[in-house]
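This report concerns only the one structure given below.
The values are calculated or read from the model by the stated rules, or taken from the named source; none is laboratory data. Everything quoted here is computed from the prediction, not taken from an experiment. Heads up, the Cβs are rebuilt from the backbone with ideal geometry, glycines too, and the neighbour counts pull from every protein chain shown. Please note that ligands, DNA and RNA were not included when accessible areas were found on the heavy atoms of the full protein model with its side chains. Shrake-Rupley method; radii C 1.70, N 1.55, O 1.52, S 1.80 Å.
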Amino acid sequence: MAVLLIWLQLGGTRIGGLIAPLTGGATGEDTAPGWGLHVLTGLLVAGAVWVNIIVLRLLPFRLQVMIVWAELLLLFVAFVNSFNRDFGIWFEQSQDGVSNIAYMITTGAVTTLYVSAISIVVACIFAMTAALARLSSFGPAYAVSTFYTSFFRGTPLLLQVYLIYLGLPQLGPQFALDAVPSGILALSLCYGAYLAEIFRAGILGVPHGQHDAAKALGLPPRLTFRKIVFPQAMHLIVPPTGNQFIAMLKDSSLVSVMGVWELTRTAQIIGRRDFRVFEMLIAAAIIYWALSICFELIQARIERHYGKGHERR
């Protein structure tokens, strides 16, 4: 670690500026840091990290996690603060008396949430249909499902948004969709293709002996799937599905190309109005992160619910 930090030449950073007086060397904007300062800075930072790790190992696990989270959060705050930007723009109020950050949450974040929520529900319907078709012995169903997953996993989401929003009206005015329905349909089709493989893998992950046992009891195939196979497959399906939803939460920013005021576009518009685009994008990133943390907690509870029979002993 010390070698890596010395190679990064941290002597010219703010950390090096704090350590420079210890070497007795000159400091300032026109002063180039020497290798002695780079070496000393690298050694001190590496030593501080190593001492931090040794102390953390003496603490309980939960406390270790909390402290490391706090340390990483402070590093992120210091990193953002190094940009020398005025982040007070977040709390400035517009003419209607609403602060910029509040407007981003009530307008942009809410739009992002309901677009993503509707899209993930529709995507799961597409995914389950495609997964079952993939597992069937009916040739046309298998062909359609494989073509669907191949096309929507193999083409960019942005292209799919344009094909639906601008391409469908070429077939006739009755096929034209507004911006929000077009975005929901594009996200649903794209993520449904990814989720189809997740659902298929989860269903195949259930031991075949479960099918044999249900057949021995005289259960019909549909009841076997609904009562035995699918509940066990959920243990394998939920974690990657939750990850896909969090990814969709961020990819929903692509619907901004159609003029939808989701979170990213709202941040850009407010930033351009106040000539503070970068500051507002940082605010949008923090809101995205907060939303992701909330859904990670929800995902963890769902995983615990469906993983009761698979807990480690």
Quiz item: Would a scan of the stretch 58-72 turn up a residue that is in contact (Cβ under 8 Å) with a residue 40 or more places away in the chain, of a type in the set (A, V, I, L, M, F, W, C) and surrounded by 11 or more Cβ atoms within 10 Å (Cβ to Cβ)?
Solution: no
Quiz item: Does Ala130 satisfy being farther than 19 Å from Ile269 by Cβ and touching a residue at least 12 places away in the same chain (Cβ under 8 Å)?
Solution: yes
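Quick one: in the stretch 132-183, which of the residues that are aromatic (Phe, Trp, Tyr) and part of a helix (DSSP H, G or I) is most open to solvent (accessible area, probe 1.4 Å)?
Phe147
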Quiz item: For residues in the stretch 184-217 being outside any helix (DSSP H, G or I) and open to solvent by 60 Å² or more (accessible area, probe 1.4 Å), which is modelled with the highest pLDDT?
Solution: Pro207
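One line per residue, one yes/no per condition, for (1) at pLDDT below 75; (2) hydrophobic (A, V, I, L, M, F, W, C); (3) more than 26 Å from Leu72 (Cβ to Cβ); (4) under 35 Å from the mean Cα position of the chain (by Cα):
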position: Leu4; (1), (2), (3), (4): no, yes, no, yes
position: Leu10; (1), (2), (3), (4): no, yes, no, yes
position: Arg14; (1), (2), (3), (4): no, no, no, yes
position: Pro21; (1), (2), (3), (4): yes, no, yes, no
position: Gly24; (1), (2), (3), (4): yes, no, yes, no
position: Glu29; (1), (2), (3), (4): yes, no, yes, no
position: His38; (1), (2), (3), (4): no, no, no, no
position: Leu44; (1), (2), (3), (4): no, yes, no, yes
position: Gly47; (1), (2), (3), (4): no, no, no, yes
Practice problem: Would you mind stating whether Ser119 is in contact (Cβ under 8 Å) with a residue 12 or more places away in the chain and among the hydroxyl-bearing types (Ser, Thr, Tyr)? | Solution: yes
Practice problem: Output the qualifying pairs, or none if there are none: Cβ atoms under 7 angstrom, residues six or more apart or on different chains, first residue in the stretch 201-212 and within 15 Å of Ala127 (Cβ to Cβ), second residue small (Gly, Ala, Ser) and at pLDDT 85 or above. | Solution: Gly202/Ala233; Ile203/Ala131; Ile203/Ala233
Quiz item: Looking at Val115, Val110, which is the one that is part of a helix (DSSP H, G or I), open to solvent by 20 Å² or more (accessible area, probe 1.4 Å), aliphatic (A, V, I, L, M) and at pLDDT below 95?
Solution: Val110
Quiz item: Could you list, in sequence order, the residues of the stretch 73-106 that are outside any helix (DSSP H, G or I) and surrounded by 12 or more Cβ atoms within 10 Å (Cβ to Cβ)?
Solution: Arg85, Glu92, Ser94, Val98, Ser99
